[in-house]
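**Student:** Next up is a structure, given as structure tokens.
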């Protein structure tokens, strides 16, 4: 059996024209030995922009400008990059070979799988389905159950049982009030750091990672990437960027590390900026949804603001940064019912990793806050932030959650919950605080990964932009709600 690989007519004509313009012979090295390369193969490599052979051709050929003219003309005939046009032609031939070489016995299960696949990727059915999954999975399960029911129970247990006992034992054992404050009282390692980690953050990340593992094991996440690809094109991204952006809903630090899998530097920069600016981590997301779920208007305002800023900043950055949108291709696993054992193991491994990272950092953050209170540095930083909070229409105490957020995003989110419990954030103030904290600069851990992936110059530029932008949006949102007379 012989099947000839033929490219679109314009490509074939371009190959023929480039072959006629080539005057020299070329070789490539395979496992130490040199092999002559045909002019047709060389023409195809030049059309696809192969950097190695382009360097050789630029040194040897006299008709270089004509070759470039042919390639530019070819590109004008296609909306997709030429490398993608050629790849599609090869893929079509591969499918044709597979069809004539294999006996395909379609089973009922295969037909059902194809039907559900089309339901998930077709925009008409895919977007409503995605909304239902996100509503039930993240709003109801993570937001209401995790950040609501579980957090309220554990937080009540800590504040009513654990903290009073810790305060009493600490005061009995340690005579110095300075060292008592390190362990107990308002900013103690146990009464604040461990309370935040165990009673507020843990139930939220537990429910989030459980839901994420279910979606991952079912094969739905890659299909969500396909669905989002067309929308992401407006942001200068491809559907592949959905993976780190989705991971950012769990932990922005690890999501920033995953951006290295994206194709171009341009796409990595845009995704890193969006992760740092507008993608809340699991604790932030769960607490915000839990706090705003009692007021649908407040939740809609927060959701609309983050979505608008995501689209605005992403599209603006895509226009500023040079380069073309990345091509999108991804292997699609089969849809299946999630395996109970697999979901539990994935959730357990993620929770174990998260707690190993979060508990030492929360203890460290509490120690730094204690040291800052002791030396006056904490009060100095509070003095800088308090006027900003007042201009945002917030109470002075709100400055603490932004200081907490510098250490860990989830630490700041836990502080947000704390202020809400003490009735220091209500109505309009709660909406302004949640939007501003969502946009506020990422924690030290995420900045560390940004430095590793993007370098000092880019990281500093992003951090300064995010700091100014977050407070500017908070200020404008507060003034807009007042002018519009929105009562929450």
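Only the coordinates and a few stated rules stand behind these numbers; no lab work does. On a predicted model such as this, the values are computed, not experimentally measured, just so you know. When we count neighbours, we look across all protein chains shown, and the Cβ atoms used for this are built from the backbone with ideal geometry, even at glycine.
**Student:** So what are the three principal axis dimensions of the chain from its Cα atoms, in whole Å, longest to shortest?
**Tutor:** Extents along the principal axes, in whole Å: 90, 55, 54.
**Student:** Determine the gain in length on full extension of the stretch residue 139-residue 161; use 0.36 nm per residue of separation and subtract their C-alpha separation, reporting nm with one decimal.
**Tutor:** That pair, residue 139 and residue 161, stretches by 5.0 nm at full extension.
**Student:** Now, a different point. In degrees between 0 and 90, to the nearest 10, how far off the longest principal axis of the chain does helix 409-421 point, with axes built from Cα atoms?
**Tutor:** The helix 409-421 is inclined about 40 degrees to the chain.
**Student:** Between region 354-381 and region 155-192, how many Å separate their Cα centres?
**Tutor:** 15 Å
**Student:** Moving to a separate point now. Considering all projection directions equally, how large on average is the shadow of the alpha-carbon convex hull of region 9-101, in square nanometres?
**Tutor:** Mean projected area of the Cα convex hull: 7.4 nm².
**Student:** Based only on Cα atoms, what Rg/Rh ratio does region 140-267 have, Rh being taken as Kirkwood's radius?
**Tutor:** A ratio of 1.19.
**Student:** Mind giving me the nanometre distance, one decimal, between the label points for residue 332 and residue 68, set 7 Å out from Cα along Cα→Cβ?
**Tutor:** Simple spin-label model gives 4.0 nm for this pair.
**Student:** Within region 414-444, find all residues whose amide N lies under 20 Å from a label point positioned 7 Å from the Cα of residue 357 along Cα-to-beta-carbon.
**Tutor:** In region 414-444, the label zone of residue 357 (backbone N under 20 Å from the point 7 Å along Cα→Cβ) covers 414-415, 438-444.
**Student:** Got a sec? How would 50, 80, 410 order by Cβ neighbour count within 10 Å, fewest to most?
**Tutor:** Working: 50 15, 80 12, 410 32.
Starting with the residue having the fewest Cβ neighbours, the order is 80, 50, 410.
**Student:** For a protection proxy built on the mean count of beta-carbon atoms within 10 angstrom, sort 476-485, 271-280 highest first, please.
**Tutor:** So the order, starting with the most tightly packed, is 271-280, 476-485.
**Student:** For the chain, calculate the relative contact order in percent as a whole number, restricting contacts to Cα pairs under 8 Å that are 6 or more residues apart.
**Tutor:** 15 percent
**Student:** Over region 241-318, what is the relative contact order in percent, taking alpha-carbon pairs closer than 8 angstrom and at least six residues apart?
**Tutor:** Values: 61 pairs, mean separation 23.5, N = 78.
After rounding, I find 30 percent.
**Student:** Helix 202-218 versus the longest principal axis of the chain: what is the Cα-based angle in degrees, 0 to 90, to the nearest 10?
**Tutor:** The angle comes out near 20 degrees.
**Student:** Let me ask something additional. Translational diffusion coefficient of region 261-312 at 4 °C, 1.567 mPa s, Stokes-Einstein with Kirkwood Rh over Cα pairs, in µm²/s as a whole number. Before the final figure, lay out each step's value.
**Tutor:** Numbers: Rh = 12.4 Å.
Using the Kirkwood radius from Cα pairs, D works out to 105 µm²/s.
**Student:** Compute the angle between helix 51-60 and the longest alpha-carbon principal axis of the chain, please, reported from 0 to 90 degrees and rounded to the nearest 10.
**Tutor:** 40 degrees
**Student:** Just from the alpha-carbon atoms, what are the Rg and Dmax of region 245-387 in angstroms?
**Tutor:** 19.6, 58
**Student:** Using 0.36 nm per residue of separation minus the Cα-Cα distance, give me the extension gain between residue 61 and residue 296 in nm, one decimal.
**Tutor:** Difference between extended and current length: 77.9 nm.
**Student:** Quick check: pseudo-label points 7 Å beyond the Cα along Cα→Cβ at residue 307 and residue 77, how many nm apart are they?
**Tutor:** Those two pseudo-labels are separated by 4.2 nm.
**Student:** Add -39500 (n - 2.57) for each DSSP H run of 4 or more in the chain, then divide by its residues: what number comes out at 222 nm, to the nearest 500 deg cm²/dmol?
**Tutor:** After summing the helix terms and dividing by residue count, I get -22000 deg cm²/dmol.
**Student:** For region 70-208, what is the relative contact order in percent, using Cα pairs closer than 8 Å and at least 6 residues apart in sequence?
**Tutor:** 20 percent
**Student:** Given all pairs of different Cα atoms, what value in angstroms does the Kirkwood hydrodynamic radius of region 354-407 take?
**Tutor:** With all distinct Cα pairs of region 354-407 included, I get 11.9 Å.
**Student:** Starting from the 7 Å offset along Cα-to-Cβ, what nm value, one decimal, do you get for the label separation of residue 37 and residue 24?
**Tutor:** 1.3 nm
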